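Input: a single structure, listed below in structure tokens.
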Amino acid sequence: MYCKNCGKEMVEGAAVCTNCGVAAGNGTAYCPNCGKETVPGAAICTNCGAALTAAANAEAKSKMTAGLLGIFLGGFGVHRFYLGYTGIGIAQIAVTLCTFGAGAIWGVIEGILILVGKMDKDAKGNPLKD
């Protein structure tokens with residue numbers, strides 16, 4: 001990943017650029033593939049040809065999929081694994097097993113919350129797409 005302010009490569013998962021100190025995701029537009037400055041509003045990088053807007057949409061998880069997984073398989077934490085919350089998914093499995101299945105209501109409730117929009121982000125902070 002490259003810094004949008006200075007264009008230098010950033011440490012994976014860093015909150016700020018170690019080169020310029022700007023928070024990740026802030027600054028002028030730089031290509032996430034090659035790090036070169038891009039034309040504002042461009043769909044592809046003029047330097048390397050990489051898609052600039054599709055990357056965010058490709059990572060977006062479906063709200064409908066997450067909600068239905070929560071309702072039907074929530075006792076096994078499948079919706080949490082889908083959204084990237086591995087620890088909570090494992091906890092849901094443990095609660096369901098320890099309560100002889102009664103803990104599955106946790107997943108059903110979360111599935112409904114996802115579908116009505118109360119839970120709207122995945123583990124990386126990306127908004128769920130409709």
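Within region 117-130, the set of residues being closer than 15 Å to G74 by Cβ and either surrounded by 15 or more Cβ atoms within 10 Å (Cβ to Cβ) or not basic (K, R) (or both) comprises M119 only.
Restricting K61, K8, K36 to those that are surrounded by 13 or more Cβ atoms within 10 Å (Cβ to Cβ) and either modelled with pLDDT under 65 or under 20 Å from the mean Cα position of the chain (by Cα) (or both) reduces the list to K61. Any chance region 79-86 includes a residue that's of a type in the set (D, E, K, R), surrounded by 14 or more Cβ atoms within 10 Å (Cβ to Cβ) and within 16 Å of K61 (Cα to Cα)? Yes, region 79-86 contains a residue that is of a type in the set (D, E, K, R), surrounded by 14 or more Cβ atoms within 10 Å (Cβ to Cβ) and within 16 Å of K61 (Cα to Cα). Could you tell me whether A60 is small (G, A, S), touching a residue at least 24 places away in the same chain (Cβ under 8 Å) and in contact with a Pro (Cβ under 9 Å, 6 or more places away or on another chain)? Spelling it out, A60 is indeed small (G, A, S), touching a residue at least 24 places away in the same chain (Cβ under 8 Å) and in contact with a Pro (Cβ under 9 Å, 6 or more places away or on another chain).
Among the residues here, I112 qualifies as touching a residue at least 40 places away in the same chain (Cβ under 8 Å) and touching a helix residue (DSSP H, G or I) at 6+ places or on another chain (Cβ under 9 Å). For the structure I just gave you, tell me whether G87 is of a type in the set (G, A, S), more than 30 Å from A14 (Cβ to Cβ) and out of contact with any strand residue (DSSP E or B) (no Cβ under 7 Å at 6 or more places or on another chain). Criteria not met by G87. Taking the criterion of being modelled with pLDDT under 95 and of a type in the set (D, E), the residues of region 105-130 that qualify are D120, D122, D130.
The values are calculated or read from the model by the stated rules, or taken from the named source; none is laboratory data. Note that the coordinates shown come from a computational prediction; the quantities given were computed from them, not determined experimentally. Quick reminder, even Gly has a Cβ in these numbers, built from the backbone with ideal geometry, and neighbours come from all protein chains shown.
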